Amino acid sequence: MAQTVTPLQLFQEIAEGRITEILDVRNIDEFEAGQVEGSRPVPTRNVPVYRVFEDLEDECARTLDDAVVICGQGNGSELVAEEFEQLGRTVRSLEGGTDAWNRLLVPFEISGVPAPVRVWQFQRPAKACLSYVVGVPGEQCIVIDPTRQPQPYLDLAAEHGMVVSHVVDTHVHADHISGGPALAADLGVEYHLPPEDCGGIVPFPNRPLKDGDVLDLGSAQVRVMSMHLPGHTPGTIALLVSEAVLLVGDTVFVRGLGRPDLTGQAEELARDLFRSVHERLRPLDPRTIIAPAHWSTSEEINGDGLVVTTLDDVFTATLLNERAMERFVEEIVTSLPAAPESYDLIRLVNSGRLEPPEDEIDILDVGRNQCAASTSLA
Ligand SMILES: [Fe+2]
């Protein structure tokens with residue numbers, strides 16, 4: 001039997017710098033659709049499994065001790081690891097393969113939030129996506145931008161004696177399939193999605209949050225206020241928690257800005273983004289913790305493993321200090337990378353206008369996000 005590593009162990013060992021190499025034995029197209037990446041870069045080779053077996057001894061010799069072998073479900077990689085072990089090489093196989101990696105969610109608590117409220121950031125490394133639980137232990141919590149794996153949020157809520165009272169999507173995501181409507185329906189709680197992002201009609205139960213609306217967490221001291229921040233999408237809602245943490249969706253990232261082109265109105269939304277940044281974000285306390293919905297590169301992950309920054313730091317980005325709106329718009333619009341083809345379909349699914357079968361949804365929900373306008377804005 002080959003040695004194995006779970007997705008969570010792999011995530012942690014990458015962060016600790018203990019993985020020497022990843023040998024990904026999936027087909028080239030699967031590899032190109034999405035790779036295993038953690039909070040530190042790890043040298044990665046893609047050699048499809050049939051090629052490994054064609055040239056077993058040489059491939060084994062090329063592989064480093066303490067490498068991790070990866071395939072789609074964990075079967076081919078286990079065979080490779082067994083063969084390598086016979087040849088004297090110590091490698092491990094990823095349990096459940098990239099299918100299991102794609103579902104991994106890892107919670108990190110954000111420090112510096114005034115009691116009694118607590119905020120947890122859930123990282124989904126396969127997509128570089130972030131979701132959140134904001135709550136008061138013993139009372140209520142809100143789940144924000146959930147993935148389709150609800151159990152980790154529910155486990156955390158149960159651990160702290162919190163009842164989920166609301167589920168919020170900050171906007172209609174284009175890069176991953178939202179778990180929001182299903183989670184809210186299963187729990188029988190209110191779901192909030194901006195209807196502006198759905199052509200005005202949301203075909204499932206929804207209570208839109210207006211600018212300034214406050215969500216109840218059961219504790220009189222806690223204020224979770226919605227802020228309308230159009231730009232990445234027309235309807236994006238950010239949540240300001242206790243005047244201390246801003247769950248900002250894809251408006252700004254630790255490095256960069258959310259792309260404004262995914263709904264086909266790039267210039268108009270780039271102007272909205274400019275106004276949101278200068279008229280809504282800039283007046284906030286510069287110490288406000290900015291908690292975005294994505295990251296692009298491991299450089300955005302801080303020493304505590306969190307993808308957060310402060311408003312002050314966000315404004316060190318050159319483009320965010322551009323005060324001339326039309327220069328800002330031109331700079332963003334001309335530097336946009338091409339959007340993945342799947343994004344239009346994902347938006348239709350997330351706004352309830354398309355219901356593909358579950359296996360097709362799985363395929364749509366693969367690969368890292370490309371939601372930043374540019375990663376070179378810092
Ligand atoms: Fe987005």
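The values are calculated or read from the model by the stated rules, or taken from the named source; none is laboratory data. Everything quoted here is computed from the prediction, not taken from an experiment. Here Cβ is always computed from backbone atoms with ideal geometry, including for glycine, and neighbour counts include all displayed protein chains. In case anyone asks, the SASA skips ligands and DNA or RNA and just uses the protein heavy atoms, side chains included. Shrake-Rupley method; radii C 1.70, N 1.55, O 1.52, S 1.80 Å.
For the range 91-118, enumerate the residues that are in contact (Cβ under 8 Å) with a residue 40 or more places away in the chain, farther than 29 Å from THR63 by Cα and of a type outside the set (Gly, Ala, Ser). Answer for the range 91-118, where residues must be in contact (Cβ under 8 Å) with a residue 40 or more places away in the chain, farther than 29 Å from THR63 by Cα and of a type outside the set (Gly, Ala, Ser): PRO107, PHE108, ILE110, VAL113, PRO114, PRO116, VAL117, ARG118.
State whether the residues of the range 339-349 include one that is within 16 Å of the ligand (Cβ to nearest atom), among the small types (Gly, Ala, Ser) and farther than 30 Å from GLY112 by Cβ. The answer is yes, given that some residue of the range 339-349 is within 16 Å of the ligand (Cβ to nearest atom), among the small types (Gly, Ala, Ser) and farther than 30 Å from GLY112 by Cβ. Pairing residues of the range 143-162 that are among the basic types (Lys, Arg) with residues that are part of a loop (DSSP other than H, G, I, E, B), at Cβ distances under 9 Å and at least 6 apart in sequence or on separate chains, gives ARG148/HIS176; ARG148/ILE177; ARG148/SER178; ARG148/GLY179; ARG148/ASP365.
Identify, please: which residue in the range 159-169 is farther than 15 Å from PRO292 by Cβ and in a loop (DSSP other than H, G, I, E, B) and is, among those, nearest to the ligand (Cβ to nearest atom)? Result: MET162. The residue pairs whose first member lies in the range 350-364 and is more than 12 Å from HIS176 (Cβ to Cβ), whose second member is open to solvent by 80 Å² or more (accessible area, probe 1.4 Å) and assigned to a helix (DSSP H, G or I), and whose beta carbons are closer than 6 Å, counting only pairs six or more residues apart or on different chains, do not exist in this structure.
Scanning the range 274-290 turns up one or more residues that are in a loop (DSSP other than H, G, I, E, B) and within 21 Å of the chain's Cα centre (by Cα).
Of the residues making up the range 332-358, those that are of a type in the set (D, E, K, R) and open to solvent by 100 Å² or more (accessible area, probe 1.4 Å) are GLU341, ARG353, GLU355, GLU358. You will find that of LEU130, LEU156, the residue that is away from the ligand (no atom under 16 Å from the Cβ) and either more than 17 Å from MET225 (Cβ to Cβ) or surrounded by fewer than 20 Cβ atoms within 10 Å (Cβ to Cβ) (or both) is LEU156 and no other.
Okay, residues lined up against (1) of a type in the set (Phe, Trp, Tyr); (2) crowded, with 18+ Cβ neighbours inside 10 Å; (3) assigned to a loop (DSSP other than H, G, I, E, B); (4) modelled with pLDDT under 95:
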| residue | (1), (2), (3), (4) |
| --- | --- |
| MET1 | no, no, yes, yes |
| ARG26 | no, yes, yes, no |
| GLU37 | no, yes, yes, yes |
| VAL69 | no, yes, no, no |
| GLY74 | no, yes, yes, no |
| ARG92 | no, yes, no, no |
